[in-house]
Amino acid sequence: MSDISIAGDPLAVPHLLPPVPRHPVTVAEFSGLARAVAADRERWEPLVDYDATTRWYHLLDRGPGHELWLLSWLPGQGSGLHDHGASSGVLTVLRGRLTERSLGLGGERRRSLGAGAQRVLPPGHVHEVVNDSLEPAVSLHLYSPGLTRMTPYGPVPAAASGSAGPGTPSGVRAGAGTGGAGRARTAPGDGERPSG
């Protein structure tokens, strides 16, 4: 007698198979993951650092189909206008206040985001994030899939800020153009650096 003749074919009996590891696949699940990480202050708070010359960031986690980045923002620091290529994003403010300026077909829109605020960013969303408050800020950025390309955009002329176009792509990858990424606290070769 064989094991299969006694127990049956394990592929035919799903309850005998080990559970498939679950990972986020929907916007709601990614938002929930970001909220769970934000609530776990012991996980991220000891890692936070500030740099007076540029924004600081740290790759907090990389999982199936996503990356989590921790960023700090001193007053006046910003990301510059950019998109995240084909990646979707979830921006969660952990401490302080940030301002998001986004551009789209409806023109320019500004949002003030305080601690606990969360924004879901679709692929191709053109925006910039700035700490225009007087206090430092910390944010969590989840990207799905992980960042492979970011497009920085040149300044938008005042007359064009209400138009349909988001500005002129500079054609440079993240960290190489104006408003590029800040100084990383990750191991070399960790890939792209987030803008916001």
Item to check | Label-zone membership for the stretch 127-155, site residue 43, 7 angstrom Cα→C-beta point, backbone N under 15 Å | outcome: 139-143
Checklist entry - Relative contact order (percent) for the stretch 33-168, with alpha-carbon contacts under 8 angstrom and 6 or more residues of separation? => result 31 percent
Item to check | Highest average packing first - 106-114, 54-62, 24-32, 93-101, Cβ atoms within 10 Å | outcome: 93-101, 54-62, 24-32, 106-114
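No lab work stands behind these numbers, since they all come straight from the coordinates. On a predicted model such as this, the values are computed, not experimentally measured, just so you know. Backbone-built Cβ (ideal geometry, glycine too); neighbour counts: all protein chains shown.
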